[in-house]
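Accompanying notes for the structure given below.
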Amino acid sequence: MKQIFCVIAFSVLIIGMNAQVKAPAPCGPVPTENQMRWQEMERYAFIHFSLNTYTDQSWGFGNEDVKLFNPEKSDCRQWARICKGAGMKGIIITAKHHCGFCLWPSKYTEYSVKNAPWKNGKGDMVREMADACKEYGLKLGIYLSPWDRNSKDYGKPEYITYFRNQLAELLTDYGEIFEVWFDGANGGNGYYGGANETRTIDRTTYYDWKNTYALIHKLQPKCVIWNDGGDRGDLRWVGTEDGYVGETNWSLLNATGEVPWNMLHFGVENGNAWVAAEVNTSIRPEWFYHPGEDGKVKTVPQLMDLYYNSVGRNGSMLLNFPIMPNGLIHPTDEKNALAFAKAVNESFAVNLALNKKVTASNIRGKSGRFAAAMAVDGNKNTYWATDDNTKAASLTIDLGKPTLFNRFLTQEYIRLGQRVKAFTVEAFVDGAWKELAKGTTIGYKRILRFPAVKATHVRFTIADSKCSPAISNIGIYNAPVFLNAPVIMRNQAGQVTISTNDIGPIFYYTLDGSTPTSKSNKYSGAFSADGKVEIKAICYDPTSGKSSPVSIEKFDVSKKNWKIVGINDQKSDAIIDGDPATVCHQKGDGKMPVDLVIDLGNKYNVSGIKYLPDQNRWSSGIITTYEFYVSDDNMNWKLTDKGEFSNIKNNPLLQTKKFAPVTARYIKLRALKNTSGDNVAGYAEVDVITE
Ligand code: FUL
């Protein structure tokens with residue numbers, strides 16, 4: 001009897017003690033409920049569809065004919081089905097891109113689906129998207145470009161009323177909206193109701209975002225705001241469209257002031273506002289559909305890298321699907337996106353740490369509510385916490401038996417703010433601790449990759465923290481490993497090399513368009529394949545029998561006899577050496593334009609030009625406006641093409657411009673403007689397309 005009393009009394013004491021143990025105080029800014037809901041979505045999709053789809057452009061000028069818009073098979077249910085299958089939790093549709101064309105029949109403009117042949121002007125793509133999202137259990141988001149190259153009022157105060165009217169239509173008529181997206185590309189030349197001029201605005205003041213935000217909060221209280229163009233919203237751009245955020249990634253920024261690139265990319269440790277990172281990228285190089293990119297769809301290993309570099313680094317993953325002119329997502333995009341979701345599911349199917357025995361160097365209140373076990377209980381609302389003064393601590397997981405794994409996942413209880421600054425992961429192998437990986441920030445989710453190891457115990461050590469740590473989840477996984485498709489390069493002499501960063505695989509390739517297998521040509525070093533040729537290659541791992549996705553490169557005429565004319569600098573070879581990593585910069589005589597002249601050595605029927613800008617983010621010389629000339633004698637030049645390399649600043653991709661064939665022995669690429677407003681033109685590669 002006495003014994004029973006003692007047990008009860010002791011238990012009451014322990015429960016009492018735990019009840020008294022207060023939760024740690026929040027550490028700096030914390031996410032709002034809207035930001036929490038958004039963060040837990042993890043993956044969602046972008047849909048890019050507009051008149052650009054019909055003109056093969058990245059940015060429309062604003063004068064494209066609405067009659068072009070006629071997607072005869074358009075089916076938002078196909079998009080929703082694919083996105084759902086790809087593990088996406090929502091879809092953000094480009095209701096209006098920079099060209100000003102509206103995918104819904106806005107009352108405020110004629111430049112919309114209501115004047116397009118599609119469904120005899122009775123269609124509403126935003127409505128169909130909203131319905132399809134509802135059917136598939138997805139949330140709907142809206143991309144409304146602040147820059148409108150069609151509107152006659154753009155740049156004037158009247159445009160702000162127009163913009164808000166359109167926003168109100170979209171936020172009133174289509175049900176709940178989870179995110180609005182305001183792109184940062186703002187002002188420049190455009191059609192502007194026929195004015196055909198350049199209009200510049202001050203993006204910090206022109207849009208009066210404060211009042212626009214108030215409108216959004218009123219109409220859609222649960223909506224998060226992404227804004228790259230002015231006042232800070234709920235989410236931030238990560239400074240690149242390549243699909244990765246910094247390994248160190250604080251979900252904090254300062255509420256006012258300049259946001260330079262490094263802050264976008266890494267966040268600000270002591271920032272005074274919660275502005276989490278959204279990693280946006282496209283499943284193809286460009287945002288809109290271009291048939292020339294059908295062979296460039298991101299593969300499963302590339303999409304997995306993207307996942308680890310976004311969701312795995314405390315960001316969200318916003319993956320774009322371009323719609324084809326017929327109104328559908330391309331089958332390759334569908335296939336790769338679905339296979340990607342399968343790979344994510346397989347990778348994280350079995351949490352080897354779930355409910356395993358754990359010990360920790362420090363536990364807030366010694367045990368109970370904040371015990372180490374809370375980090376492996378599979379419940380996102382419980383967490384392991386330490387005493388207030390403990391900013392470094394470790395937790396050891398007993399896996400019970402030697403277990404093979406290659407991934408470590410951890411999550412902070414971010415409702416109390418983002419706290420951890422540095423941590424390591426070790427495994428107990430052959431009687432000793434071995435470091436597997438280290439990280440800096442954690443935040444909502446952090447996943448570390450390392451070569452597979454077999455161990456009985458795993459030790460997670462937080463080396464430094466802003467405040468005492470609060471860890472809500474730890475996962476240990478053995479994920480399937482995928483081989484990356486190899487890189488195929490050809491130098492000026494026509495020598496082809498095939499390479500990869502993966503260790504161990506061998507390569508097979510074909511030159512006849514057929515799909516390579518382990519029975520095709522085996523690569524044993526650089527080989528010659530000059531002139532027009534299509535090369536396909538795979539990596540193959542003889543141990544596992546696994547192969548990578550296929551890489552495809554199409555090369556045009558031989559460059560053996562090409563010469564850069566007029567640049568007396570050895571580095572000029574970089575322009576035609578086939579290596580994207582080497583660059584040549586040319587300075588104009590005090591100002592633009594800057595001309596690059598290439599002697600092709602022979603006459604060709606030239607029907608296009610390719611320009612790859614310097615791939616270094618910090619460089620100058622990224623050309624935005626160009627003219628292209630041809631000549632037979634390097635004296636008499638004919639203007640063949642001119643235009644802009646749209647979106648090249650945020651997305652410095654290979655630019656391809658096509659035109660009616662012309663004969664040329666000499667070509668001249670004239671740079672009229674660059675992204676940094678100086679007189680430098682930089683070239684990683686310049687190439688031609690011939691008939
Ligand atoms: C960019 C835009 O300029 C692109 O066209 C695209 O819409 C992308 C998502 O944002 O900055």
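Among the residues in the range 582-595, are any assigned to a strand (DSSP E or B) and hydroxyl-bearing (S, T, Y)? Working first, answer last.
Going through the range 582-595, the residues assigned to a strand (DSSP E or B) turn out to be 584-587, 594-595.
After this cut, where a residue has to be hydroxyl-bearing (S, T, Y) as well, the list is none.
Checked the range 582-595: no residue is assigned to a strand (DSSP E or B) and hydroxyl-bearing (S, T, Y).
The residue list G504, G475, G494, G525 contains one member that is modelled with pLDDT under 95 and either surrounded by 20 or more Cβ atoms within 10 Å (Cβ to Cβ) or out of contact with any helix residue (DSSP H, G or I) (no Cβ under 6 Å at 6 or more places or on another chain) (or both), which is G504.
Can we say N406 is modelled with pLDDT of 95 or more, surrounded by 15 or more Cβ atoms within 10 Å (Cβ to Cβ) and touching a Pro at 6+ places or on another chain (Cβ under 8 Å)? When the stated conditions are applied, N406 passes them. The residue that is nearest to the ligand (Cβ to nearest atom), among those in the range 48-82 that are without any contact (Cβ under 8 Å) to a residue 40 or more places away in the chain and assigned to a loop (DSSP other than H, G, I, E, B), is E64. On inspection, I397 fails the criterion of being without any contact (Cβ under 8 Å) to a residue 40 or more places away in the chain, out of contact with any Leu (no Cβ under 7 Å at 6 or more places or on another chain) and surrounded by 19 or more Cβ atoms within 10 Å (Cβ to Cβ). For the range 55-66, state whether one or more residues are within 28 Å of D234 (Cβ to Cβ), at pLDDT 95 or above and buried (at least 24 other Cβ atoms within 10 Å of the Cβ). Checked the range 55-66: no residue is within 28 Å of D234 (Cβ to Cβ), at pLDDT 95 or above and buried (at least 24 other Cβ atoms within 10 Å of the Cβ). Residues of the range 278-305 that are of a type outside the set (D, E, K, R) and within 15 Å of the ligand (Cβ to nearest atom): V279, N280, T281, S282, I283, P285, W287, F288, Y289, H290.
If the condition is being crowded, with 18+ Cβ neighbours inside 10 Å and among the polar types (S, T, N, Q), then the range 573-594 contributes only Q586. For the range 208-225, the tally of residues that are closer than 17 Å to L235 by Cβ and surrounded by 11 or more Cβ atoms within 10 Å (Cβ to Cβ) stands at 10.
No other residue among K134, K139, K156 is charged (D, E, K, R) and over 29 Å from the mean Cα position of the chain (by Cα) apart from K156. Only residues that are surrounded by 24 or more Cβ atoms within 10 Å (Cβ to Cβ) and not polar (S, T, N, Q) were counted in the range 141-162, giving 7.
Of everything in the range 635-650, what is among the aromatic types (F, W, Y) and within 15 Å of the ligand (Cβ to nearest atom)? Give them in sequence order. Show your work before the answer.
Kept after step one, since they are among the aromatic types (F, W, Y), are these residues of the range 635-650: 637, 645.
The answer is F645, and nothing else.
For the condition touching a residue at least 24 places away in the same chain (Cβ under 8 Å) and outside any strand (DSSP E or B), I567 qualifies. For the range 69-100, a residue qualifies if it is of a type outside the set (D, E, K, R) and surrounded by fewer than 18 Cβ atoms within 10 Å (Cβ to Cβ), and the qualifying residues are N70, Q78, G85.
A45 - would you say it is within 15 Å of the ligand (Cβ to nearest atom) and closer than 19 Å to L338 by Cβ?
Values: within 15 Å of the ligand (Cβ to nearest atom): yes; closer than 19 Å to L338 by Cβ: yes.
In short, yes.
Residues are listed down the side, and each one gets a yes or a no for (1) of a type in the set (K, R); (2) within 28 Å of R77 (Cα to Cα); (3) in the same structural domain as W118 (by TED's automatic domain parsing); (4) surrounded by fewer than 21 Cβ atoms within 10 Å (Cβ to Cβ):
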{"site": "I329", "(1), (2), (3), (4)": "no, yes, yes, no"}
{"site": "T332", "(1), (2), (3), (4)": "no, yes, yes, yes"}
{"site": "K335", "(1), (2), (3), (4)": "yes, yes, yes, yes"}
{"site": "K342", "(1), (2), (3), (4)": "yes, yes, yes, yes"}
{"site": "N351", "(1), (2), (3), (4)": "no, no, no, yes"}
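Where strands (runs of 3 or more DSSP E) sit wholly within the range 192-301, those with at least 3 residues that are under 15 Å from the mean Cα position of the chain (by Cα) occupy 276-282.
In the range 608-649, which residues are surrounded by fewer than 19 Cβ atoms within 10 Å (Cβ to Cβ), in contact (Cβ under 8 Å) with a residue 60 or more places away in the chain and farther than 20 Å from G578 by Cβ? Result: R617, S620, N634. Is it fair to say Y174 is farther than 15 Å from L215 by Cα, within 16 Å of the ligand (Cβ to nearest atom) and crowded, with 18+ Cβ neighbours inside 10 Å? No, not satisfied.
Within the range 85-96, the set of residues being touching a residue at least 60 places away in the same chain (Cβ under 8 Å) and either within 15 Å of the ligand (Cβ to nearest atom) or assigned to a loop (DSSP other than H, G, I, E, B) (or both) comprises A86, G87, M88, I92, A95, K96.
May I ask you to say which residue of E334, E346 is in contact with a Pro (Cβ under 6 Å, 6 or more places away or on another chain), away from the ligand (no atom under 16 Å from the Cβ) and modelled with pLDDT of 95 or more?
E346
The values are calculated or read from the model by the stated rules, or taken from the named source; none is laboratory data. It should be emphasised that the depicted structure is a prediction, and the values quoted were computed from it without experimental measurement. All Cβ positions, even for glycine, are placed from backbone atoms using ideal geometry, and neighbour counts span all protein chains on display.
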